[in-house]
Each structure stands twice: as C-alpha cells, then as structure tokens.
1. How about region B:254-307: which of its residues are among the aromatic types (Phe, Trp, Tyr) and part of a strand (DSSP E or B)?
2. Taking the criterion of being at positive phi and touching a strand residue (DSSP E or B) at 6+ places or on another chain (Cβ under 9 Å), would at least one residue in region A:17-35 satisfy it?
3. Could you please let me know if residue A:246 is crowded, with 19+ Cβ neighbours inside 10 Å, small (Gly, Ala, Ser), under 30 Å from residue C:211 (Cα atoms) and touching a residue at least 60 places away in the same chain (Cβ under 8 Å)?
4. Against the definition (touching a helix residue (DSSP H, G or I) at 6+ places or on another chain (Cβ under 7 Å), surrounded by fewer than 21 Cβ atoms within 10 Å (Cβ to Cβ) and of a type in the set (Phe, Trp, Tyr)), how does residue A:8 come out, yes or no?
5. Taking region B:261-282 as the search range and keeping residues that are crowded, with 22+ Cβ neighbours inside 10 Å and not aliphatic (A, V, I, L, M), which one is farthest from residue B:438 (Cα to Cα)?
6. Please work out which residue is farthest from the other protein chains (Cβ to nearest Cβ), limiting yourself to region C:29-84 and to residues that are among the β-branched types (Val, Ile, Thr) and over 23 Å from residue C:17 (Cα atoms).
7. Considering only residues that are more than 22 Å from residue A:156 (Cα to Cα), within 9 Å of chain A (Cβ to nearest Cβ) and more than 21 Å from the chain's Cα centre (by Cα), which ones fall in region C:221-267?
Amino acid sequence: MKNIAKKFLTLIITLFIVSLLAFLAFQVIPGDPTTKMLGTEATEEAKAALRAELGLDGPALSRYWNWLTAFVTGDMGTSYSYRMPVAEMLSDKLPITFLLSVMSFVLTVVVSIPLGIWAGSAKSKAADVAISALDQMVMSVPPFFIGILATWIFGTVLNVFSTGSFISYTESWSGCIGYLILPACSIAIPRIAMTVRMLRSSIIAELQKDYVRTARSRGADRGQILSRHVLKNALIPVITFLAVSAAEIMTGSIIIERVFAIPGVSQLLMTSISGRDFPVVQAIVVILAAWIVIVNFAADILYRLADPRIRVR
Amino acid sequence: MMKKRILAVFLVVSVLAGSLCGCAGATNQTGASSDETTDSFGGIHANEITVGISQDLDNSLDPYVSNAAGTREVMFNVFEGLVKPDSDGNFVEAVASNVEISSDGLTYTFTLREGVVFHNGDECTMDDVLYSFETCAATSVYSNVVAALSGIAEKTADGSVLTVTLSEPNSDFLSAVSSVFILPEGYADQATKPVGTGPFKYVSRSVQENFILERHDAYYGEGAKVDKVTYKIYEDSTALFNALDSGSLDLVAHLTMDQVNNLSNGYAVLEGTMNLVQAIYLNHAVAPFDNEKVRQALCYAIDVDAMLNLTADGHGTRVGSSMYPAFGKYFDASLAEAYLHDAQKAKQLLTEAGYPDGFSFTIKVPSNYQPHVDTTVVLVEQLKQVGITAEIQQIDWNTWLEDVYAGRNFDATVVGFDASILSPTALLARWVSDSSKNMIGYSNEEYDEVYAKALATVDDAEQTELFKRCLEILSETAANVYTQDLADFVAVHPQLKGFEFYPLYVIDMSTLYFE
Amino acid sequence: MKKKGNPFLYIGGAISAFMTALIVMGYFWTPYDPTAMESKKFLPPSFEHLLGTDNFGRDIFSRVLEGAGTSFVIAICVVLIGCLVGIIIGSFCGYYGGVADLVLTRICDSITAFPSILLALVIITVLGSGTENIVIALGILFIPSFARIVRGEFARCRDLNYIKSARLMGVGSLRIMFCHILPNTLPVLLSAVTIGFNNAILSEASMSFLGLGIQPPYASLGSMLSDSQTYLKSAPWYALGTGGAIILLILGFSLLAEGLQRSGKTA
C-alpha cells in the first residue's frame, strides 16, 4: 500500500512536470497569440491591452502559477481563439478520441487473445514459421499506411466509405461508431500482431516449464493444462503489454485522426499548437498525459503483482 | 493533412476603398466533369445549403475584432454597416436607406432605414448606430478604419438622419463606414454569440465540426432565399474534398486545379480569382537582394507560365506588380510581361552584379497554405537552372507572423497579399519607405514621391495614372519577384444558382437559390 | 541446427540487402533527377516511370530511392541515439536505483506523456530545420522508451542469483552491468530496435505534416506518403509505391531481427 501511495505521488509529479514542460514550450516557440487574435493591422496599444486582459504581461513564473492554481480548482480557462471556455470545447472532443481509443483497444484485446492462444498452441514447425512471418508482415505496415489503404480500398475502390463524412456522437451513436470502425482497425491491426506475437511466445515459454511436464506426466491433457495453468501465467506479461498499448493508442490516434479527418482532441491539439492557443494546448496536454501516466501506473502495478521479484528498494 | 488546409494566408491589409471601381473577379463557367457518369443529385433539394470550409472560425466573432479572412468570409452574411459592398465593388445602401455626399466631399448624410431588425428581435435605432460608430472607433483592430473614423469632425443625429462632417475630404471614407457594422447597443456577447442585421443570423456552432446560420426572416430587403446554411468544417483539404466528392456538400470554394480535375460528381465548377498578389517577397536589407540587378535576375530566372502549368494546369493570372486584375483600371497587364523568362539574361545580370556562379538563400514559406508551398517548390527548381540555390523552410503561420512579418528575419518568403476592400492604397501603401508594414524594407524615393502625390490628387484619372506609375516603379526596380493571382475554383451543386464572385474575400449566401 | 530452417534470416537478409542495394544505388544514381519536373503529371506506372509520376511530374521511383535513403539514415541515427542514451540512462537507473533513478524516470515518463509533436516543434524551432536537427529531435523523443526497457531488464536481473554471486565475488559494478546484464537484455532490445526503426520512419512522416520534417523539394518516404494522400484517388500508385517501400524497408529488418533472435536461441 505504501508503494502505491508513493507511486501515486510520482504520478502527480509527472503531471506537474508535463504541464511545466508545455508552459516552457510556449515560452520558447515564436508566435504571439495576440498577433493571431488581432491581426497584423492592430496597434501596439491594442495588443498590449489584450495581453494585459489575458494575463500575458506578467512574469513567466507567476503566469504559470496562475494557470496552475486555476487548473487545480477545475478552471481550465478560456480559449484565446474561440473565446469560449476550454472545458466546454473539450467536453465535445474528448468523448470522440476516447471512443476511438476504446474501440481500438477492445478490438485489439478481443481479436488478439484468442488468436494468440490459438497461435501459441499450434506446435508444428510450418505453423510456427507461417504465424511468425505473418506477424512480422502485419507489424511492418505502419498504422498510417493502413489508414490510407483503407480509405483507398473502402472509399475509392469499393465506394462504401467516405472520408470526412464523420457524424458526431451527439447526432447519432451508431453513425459515429460506424465511421470509427475503419480508423479503429487501422490502429488495432499492428497492435494485434504485436500482442499475438507476445502472447504466443509467452505461452510457448510457459509450456516448456517443469510444472507443465509434471502435469502432463500425470496424464492431464493438453487443453486442460493450457486453460487451467498455462494461460493464467502466460497472460500476465500480456496484460502489462496491453496496458502500455492503451496509453500508446491514445497518443497514436493523432495521426489516424488526421488521416480519417476525425474532429477529435488530437486535431484540436494540432490546430491549437499552431494557433498558439495556450489554455487549450495546456489542458489537452495535461489530460492526455494524465491518461498515459495513469495507465502506465496501472501497468506498473500489474507488473509488480505479476513478478514479485521486482520490488522497490 | 494539416498543411493542406486552405487557411487564409492573406494579410488583412487595409480597410479602405475607392468607391468607383466597377470590377469583379472574372466569372466563367468551366464545363468541368460534364462527361462524368456518376451523378448523385436528383430530386428536390431541401431549401438549405451545406457548405464545406477548410478552416474553423477560430477567432472572436465580434466583427470589429475578428481579422481572419475565413471568419470575415462567413460573417459577411451576418453583419452589415450603413452601406455594404456589392459584387461589383460598389457600395450599396444597407442599414441606411439613403446616402448623400456633399459636393465638397466633407458632409455625409445617412438616412436610417425603417424597419431594420436585429437578429435578437430588437429594432435598430439611431442609438445603436451611434453606439456602433463609437465602439468601432474604440475597438476595431483595423487601424485604417480607426484612422478614417478619427477624421470625423462632427456627428449629429436628428431623428433617423445621421450627418457626419469630415475635417478633410477622404475618398475612402465610405469604405470605412461599410466596416462599421451595426450592432445592438450594449450587447456584450458578440465574440461568441454574434447579433447583427444581415440576411442570416447565427444559430449555433460546434468547434471544428460545424457553424450554422439561419435565414433572418425579419430582414428588411429581399433577404436570403435559402432557409439555412450549415458550414461543415474540415481542418484538412483532403477530407473536405472527399466529402465534396461523395456529394454531401452543396458548395465548396477555394479548390485547387488538382481537386477540380478529380471531382467525379456532377458539380458545376466556377472559376474566379483569389484576389491576391503572390510573389517571392525579397528582404532588401539582406545581401544580395539589396542589389537591383540580382532581383531582376531572379525575375528573369523564373518562368511563371511553366509554374502555372505545373501547379494549376495553367490557371491563374500573372500579375507583374503589386496589383491584381480585379482592380480593373489600376491593373496594368503589360507589367506582367516585363520580365519574360530568359535564363541567359538572368545569368548575365548575375554576372554584372558579381555573382557569376549564383548564390544560395532560404525561402521561408507558411506551411498551412499548400498552393504557396507548391509554387515555391517549382520556383526553387527553376532557380536551380541559373545556378541559384534556394532552400525551402516551411514555418507555421504564427511563426511567420512574428519572425518574418514583424521580425523581418528572412531572405525571401512566398505569400500572397490581399486587400480587404478595393482601394489601390490597400496594396500600395506598404511599400512606402517608412511604412511599418513594409516588411521587405523597400526604399525608393521616386516611389514615395509618386505615392504621396497620388494620395493628394483629387482628380480620379490623374490619381489612377499616378498609382499606375507606382506599379511601374515596383516592376522596374524588381521590388519583388511577382508571380500570380491564384485561380479560385468553386464547386456548386448543379441545381444551386446565383453564386457571385466578389472582388473581396467573402461569399454571399443570400443570392443563392435552388432551381 | 543453425543452418537449417531459418527462413527469417534468409528472407529478411534478402529483402534488407535488396533495399540497401537500392538505397546505395539511389545515392549515386537515379533514373531521373528526383526534383526535375516535367509536364507529364500523374503518369501511371510504366517501364519509363516504374512507379509513375507525381503532381509535379517528377519520377516517383527516383524520389522513392532518394526518400528511402533519407528515411533510412534518419531512422538509423534516431534509433542509435535513442538506444545508446537509453542504455546508459536505463542501465544506471535500473542497476543503482535511488534518487537519480527516481528523477530520471520521472523525466522520461514526462517526455513519454508529452505530445511528441509539440516537443519536436520546440526543438526544431530552437535548432532550426534540417536533417541533423530532425535526428536530434526524434532521438530525444526515442530515449525514454529505450531507457524504460533497459531499466526494467536491469532491475529484473539485478537480483538474480548469478548477478548476486558475481557481486559477492567482487566483480566491479560496470563490468557486471555491461558484461553480465547487458547481453541478457539483447533479445528485448533487438525487438525494441526494430519497432523503434518503424516508429522513427513514421515520426518523420508526422513531422512532415507540420512542415517540420524534410523540406521540399527533397524527398523522404514519410513526407511522400503524406503528400500522396491528397492524390489517392487520381494517383493511387503514389501512395502504394511509397507505402510499399516503407513496408519492405521495415519488413526486411524485422525479419532479419527475428531470424537473428531465433538463431541466437538455437545456437
């Protein structure tokens, strides 16, 4: 329990560092938000007044402090570009990205685990080579390219899908999920290959352990051993791997949202970075980081539970 | 792709206008895709339009504060001043029913139209007009509007008649008035929930998804013909194009030639011009661009026609100086022929300038507007032929604004300058030596003199000649390597009629109707 | 045992050798000048233009050759930086633990949790664009993942019996770390390197979106793939040819790594 509390503290520290990094990043990159807001025609006085209004005229550290204290109390501020509360903007966008991530993750789990178990129990030399080769092949296709291929095959060749015809969940849940299937597949396919590969080698390693031989010498049949003993052990590292995947799916969705023109949080992040919309960027960065850190934290705990040899000294 | 977004990379220059230019973007119907078989259109269309745009209105919606061209393009349908520009570049009565200008050009008498109703249902009164003039003068981000309004010596309201007296004549005053959008007095939410008097009223928006306008039923004039306009936002021009191609959009403007060529549905494609001056803008403070011969050599080295062929199948108009064709009488087509492609001459000039083996420099180009990037790619290849090595550096728009425009930290950059309202001063004022907008640091005594003289001239013909002389000077001294005014393609639903090209960066939705 | 039935090694080797040969060839000779423009836009593949031509009428095959070289060099350098620095940080953190471990792990976690595009934007803005700076920016982004893997392996091995006994026998820490533990992490590292190689090529592509990657008119596989999406309908060969090259490049090395791992196991 003490370890977990300690871990939780480090989680908070990580988020703090991330938000500080994002803040510092905006100190470094050129581009004054007031120029974008008021245009090149505006007078220096108007810009100065706007800077004062936005609280951009104070020293950097105090500005960070102001942001931090507001954020901690749940106030994410107002977008420079849209002049509307950041929370309101994000409440529209987060569910889309989240839905895409969840769909990709579920797809990965649902497909890869049965496939991995099946692949792991296939013992013949030919099957081994065929499965590994296929795995390698699928893993070599970048998700981005899978997305492009999918839009080409389903969009241009088969004419059953149209990029850009995204329907928000606020209008139709089924339409939204329907649109997200292809993007989710594009994210999931290489992940499935990785998970299958991992699960398979984990099962094979487990099958070679002494207890399996003992069980088999006692006359237990292969299927029983597999389902009762081996899987339980073999799945542990895979669960950890899946947890890490969950974090990576979220960050990896940036490029897929781009390819499929999904108006999710990643797209908002990109436009906000180029628009120097600091409050929006900061909020998204912290939320995405929180997701990643929390999932990694879970992975870490699972890993510790799985392998008691790892302990914090 | 983000960089494919057709973000408006037009500098909002100045809100000034000569009220007399009878000129508009060339309108002609290209019979594109007539041989295509697919046609998903048929039946009766609902009386509403879905328009695809490639950039969200990520700006304050307050008309005095919003400066992005994309925002102005949409909000043109929501706000009106006492007068407003029409598609010929003239000013017509809007919230005012009558405008009278005294013969000395000092007194403007506006009669407030009866029965003008705001989108929130309130009637527009003289108080609202006075409030709008004051608020605009105090908060507008367009310094030229503010300057023109500060020239008001006296303003008297008598019933429904507003009399404005200027301290000195200003032929651009009416254009400033067209930018004083009439807003309800004391309404504080313009930035997010705009209320105006235009033919369409703002209904709702969803960030990066849509922006919805509805017909303003209480509009005084003829008003809009369709009930609703939904702008669908695609932050990526590929996605925008795919949506258009699937038939789900009724109108998309600012398409590229490649996209038009790929359009498989039965859309009508209209061709206009983007109304901007695209050029390689050279920093005269940096060697070797301080040398006129080097600049001329660059002009001879590039082949604009070949570039147009590669980037847009030959569409687009050569400009040759800081003026585009929609300006009509000010545009001098002969200047576009001043530097015809001549590699030998370019080399000779380079040798004379002391660079027989060429030189190398960096072109900074905003990454968010693909046509500028494409132009640059072709130009770099052409410059290579005369031994000049140009490296491209793509930067994002905000970096461009701060680093290139304000900081003047560049060798060369490819962008397009536009004029938000038709006045030659909008394009020419910036090249005066001491102008704060003179980002290339152009300094030419004759130019300054002629420009000042033009401003002081009252006679229209004489003034026109002087402005044209300014353009000649820019061309003679090869101030910049002028390329083109980009072709602007608009795809419209085959049954949707009434589209009008404005010489400004706006799209008027009120004239559109379904056949 | 080693010679028999390791098709991964052979096929992977063959593909990699083929791609490497093409890249080396592209370095010295391409059928056309990769930036030369002709008015023959969007020509489909033919004997004249093996992969067709692009929107400027440039030969895609020549550009793929040039681009593969660029992407290859970038990916190798990025993985090299990420891997070497990652090993150094990860091994010390994993082996010694303590405050330094805590601090470095936090920083690595923060970088992992930070949007890579924003970080790349900052680095490129500070250093300026250019191939070396892309390598540095991506290299920094790739350090945490390697450091994390190495650290985990070191933390696991630290308490294993043979390491304990080595320590009792008085073997120096550095020697234990790099002679005893590091070789044990190689199989894990090898697969991390192949995945990293894959990711590096992709990351360069995503940087091209923001105009931070290889600047036009020069080609990289990533920037070509992102450009090709616009012309997917009219010129699908653009995307397919470029994507195919990426797949072959990655597949060759993945198979090679798999083969090496297998022969390592059986040997």
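The values are calculated or read from the model by the stated rules, or taken from the named source; none is laboratory data. Computed from a prediction, not measured in an experiment: that's the story for all the values here. Cβ placement follows ideal geometry from the backbone for every residue including glycine, while neighbour counts extend to all protein chains displayed.
1. Across region B:254-307, the qualifying residue is only B:281.
2. no
3. yes
4. Considered against the rule, which asks whether it is touching a helix residue (DSSP H, G or I) at 6+ places or on another chain (Cβ under 7 Å), surrounded by fewer than 21 Cβ atoms within 10 Å (Cβ to Cβ) and of a type in the set (Phe, Trp, Tyr), residue A:8 comes out as no.
5. Step by step, filter region B:261-282, then rank; the result is B:267.
6. In this case the residue turns out to be C:81.
7. Listed by number, the list holds a single entry, C:262.
One line per residue, one yes/no per condition, for (1) under 19 Å from residue A:271 (Cβ atoms); (2) in contact (Cβ under 8 Å) with a residue 12 or more places away in the chain; (3) under 27 Å from the mean Cα position of the chain (by Cα); (4) within 12 Å of chain B (Cβ to nearest Cβ):
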position	(1), (2), (3), (4)
A:51	no, yes, no, no
A:64	no, yes, yes, no
A:68	no, yes, yes, no
A:77	yes, yes, yes, no
A:117	no, yes, yes, no
